[in-house]
Amino acid sequence: MRRITVFGATGSVGESTLDLLARRDDVAVVALTGGRQVARLAELARAHRAELAVTAHEECYRPLKEALAGTGIAVAAGPGAVVEAGYRPADWVMSAIVGAAGLAPGFAALSQGCIVALANKESLVTAGPLLLAEARAHGATLLPVDSEHSAVFQALVGEDIAAVETVTLTASGGGLRDWPLERLAQATVADAGAHPNWAMGQRITIDSASMFNKAMEVIEAREFFGLDPDQIRVLIHPQSLVHALVGFRDGAMMAHLGSPDMRHPIGYALNWPDRGALPVARLDLAAAGRLDFAAPDLRRYPALRLAGEVMRIGGAAGAVFNAAKEIALDHFIEGQIGFLDMAGVVEDTLADYMSRGSLGNAPKSLQEVLAIDAEARRRAAEVIRARGRAA
Ligand code: NAD
Ligand code: MG
């Protein structure tokens, strides 16, 4: 039996992971963690006969405990309990919490030397070098789950990374792709929260419309594959059928194609290093008819330009970038700032740090990253207040 823990079990990636696990009989579910969706978490824990169910919120302890009464499933609550779940012996762990909250649980899982399937891209953006070092130190294996990164990883099987010239990540362009530039400032949460091709959590869907998701993925690719920033390209590809392309020094390009279904990259990480059968729709290229590509317009997507700056600066820039983006996104979702203000807030927060000369030093521990994250959230909130006063 393979012992498996799923962080963020009630989310979009978590649910897809459990859908795959439900089809197997060689799996024992160790811990499932979630947030406020207590009823769903309890349902999943029962269905998968988990040993432990954890909610990230202390106030959800009692309802979760009641929902699981008589099942023998252990219950815990709070951010510390989520991290603790990562220390429970497991062979394979899905890291699918959204945001920097996924960082510490991922580190805990790596410390037991297991396979960690990483959907939580924020981990690599905020603490890439530390995360990889932690994996190495404990003999753990990090596998990419982000569809583009899984695609690159698959295209690299049997290849020498030194032979790679370029890595191209595709982007659908999100829900606002065809909106005129002048209208973008007026986009609402509902407008930005509708994705043409992928069914995902609300936060990543809005990040897809602003291209902050791709900006994060560029940094994620740099960290995960050890690439130079100028090796990484982004192409708008409205059909979301080609997930990434790897260009080699002999001029060949290897593309990864498939239907947009997260169960493919999740399943690849689950079956790795084998290729097991997966219940995903087979791509019918004749039915698809065409594959379109276009270069992204950086005026439209300032997030991509900011990703370039973050990689150039290095040090703590990734952690500050991510924290400012999360705060900006919170405020957009709450209707306090406009769609285009999100990039403005992130840019102003980075500029604030630059003016104090405090971005260059790379954090040396998880604790330092968490402290930078907390401080950057405060400063981003201050930037939002200052922009509000200036408006
Ligand atoms: P989601 O919002 O659907 O689910 C997030 C999960 O994290 C939920 O279980 C939620 O309860 C939990 N969570 C939220 N805040 C938490 C906190 N503070 N502490 C502990 N748990 C918390 O998100 P998602 O779309 O499944 O994305 C999860 C991660 O995977 C993100 O990092 C995202 O960027 C990445 N990702 C998602 C997709 C996708 O298709 N959804 C694709 C690629 C990468
Ligand atoms: Mg992706």
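Where a number appears in this text, it was derived from the coordinates with a stated rule and is not lab data. A quick note: this is a predicted structure, and the numbers were derived from the prediction, not measured. Positions of Cβ are generated from backbone atoms using ideal geometry, with glycine treated the same way; all protein chains shown enter the neighbour counts.
Report the chymotrypsin sites (Phe, Trp or Tyr not before Pro) located in the range 21-123 that are in a DSSP loop and have at most 14 other Cβ atoms inside 10 Å of their Cβ, or state none.
On the way: sites: Y61, Y87, W92, F107; in loops: Y87.
Hits after loop and neighbour filter: Y87.
Check V27: other-chain or 5+ apart residues with amide H under 5 Å from its amide H, H built from backbone geometry?
R2
Over the range 149-288, what is the mean sequence separation of C-alpha contacts under 8 Å (at least six apart), divided by residue count, expressed as relative contact order in percent? Walk me through the intermediate numbers first.
Working: 193 pairs, mean separation 44.7, N = 140.
Worked out over the range 149-288, it gives 32 percent.
What length, rounded to one decimal in nm, is gained on full extension from A69 through to R177, with 0.36 nm per residue of separation minus their alpha-carbon distance?
Here the segment from A69 to R177 would lengthen by 34.1 nm.
With θ set to phi - 60° and the Karplus curve 6.51 cos²θ - 1.76 cosθ + 1.60, what are the ³J(HN,Hα) couplings of the range 271-288 in order, to the nearest whole Hz, using x for Gly and Pro?
8, 3, x, 8, 10, x, 5, 10, x, 9, 4, 7, 6, 10, 5, 5, 5, 5
If you split all Cα-Cα distances of the range 314-390 into 5 Å bins from zero, what percentages do you get per bin, shortest first?
Calculated P(r), rounded to whole percents: 3, 18, 29, 24, 14, 8, 4, 0.
Looking at the chain as a GNM with Cα springs under 10 Å, which of I97, I161, I232 has the largest mean-square fluctuation?
I161
Got a sec to turn the phi values of the range 12-18 into Karplus ³J(HN,Hα) couplings, 6.51 cos²θ - 1.76 cosθ + 1.60 with θ = phi - 60°, whole Hz, x for Gly and Pro?
Here the 3J(HN,Hα) series is 4, 5, x, 4, 5, 5, 5 Hz.
How many nm separate the modelled label positions at R385 and R24, each set 7 Å beyond the Cα in the direction of the Cβ?
So the two model labels end up 4.9 nm from each other.
The range 170-192 to the range 253-296: how many Å between their Cα centroids?
25 Å
Which ³J(HN,Hα) values, rounded to whole Hz and listed in residue order, are derived for the range 347-357 from phi using the Karplus coefficients 6.51, -1.76 and 1.60 in 6.51 cos²θ - 1.76 cosθ + 1.60 with θ = phi - 60°, glycine and proline given as x?
5, 5, 5, 4, 5, 4, 5, 4, 5, 8, x
Counting other Cβ atoms within 10 Å, which GluC sites (Glu not before Pro) in the range 301-391 have at most 12 and lie in a DSSP loop?
Details: sites: E309, E326, E334, E347, E368, E375, E382; in loops: E334.
Taking the range 301-391 and a limit of 12 other Cβ atoms within 10 Å, the loop GluC sites (Glu not before Pro) found are E334.
How large is Rg over Rh for the range 233-323, taking Rg from the Cα atoms and Rh as the Kirkwood inverse mean of 1/r across Cα pairs?
Working: Rg = 17.0 Å, Rh = 16.3 Å.
A ratio of 1.04.
Lys/Arg Cβ at +1, Asp/Glu Cβ at -1, dipole of the range 314-390 taken about the Cα centre: which of A323, V383, A343 is farthest positive-ward?
Most positive-ward Cα: V383.
Could you list which residues have their amide H under 5 Å from that of L298, counting only those 5 or more apart in sequence or on another chain, with H placed in the peptide plane?
none
Just how far, in whole angstrom, is the range 31-96 from the range 121-142 if you go by their alpha carbon centroids?
For the range 121-142 versus the range 31-96, the Cα centre distance is 24 Å.
Dimensions of the chain along principal axes (Cα, Å, largest first)?
57, 52, 40
Under 5 Å between amide hydrogens, which residues at least 5 positions from V75 or on another chain qualify, with H placed 1.01 Å from N in the peptide plane?
Answer set, sorted by chain and number: A53.
Using alpha carbon coordinates only, what is the Rg to Rh ratio of the range 149-288, with Rh defined as the Kirkwood radius?
Numbers: Rg = 16.0 Å, Rh = 16.2 Å.
My calculation of the ratio gives 0.98.
Which GluC sites (Glu not before Pro) does the range 1-51 hold that lie in a coil by DSSP with at most 15 other beta carbons within 10 Å?
Numbers: sites: E15, E43, E51; in loops: E51.
Qualifying residues, ordered by number: none.
Can you give the relative contact order of the chain as a percent, counting alpha carbon pairs under 8 Å and 6+ residues apart? It would help to have the intermediate numbers written out before the result.
Details: 726 pairs, mean separation 53.9, N = 391.
Taking the mean separation of contacting Cα pairs over the length of the chain, I get 14 percent.
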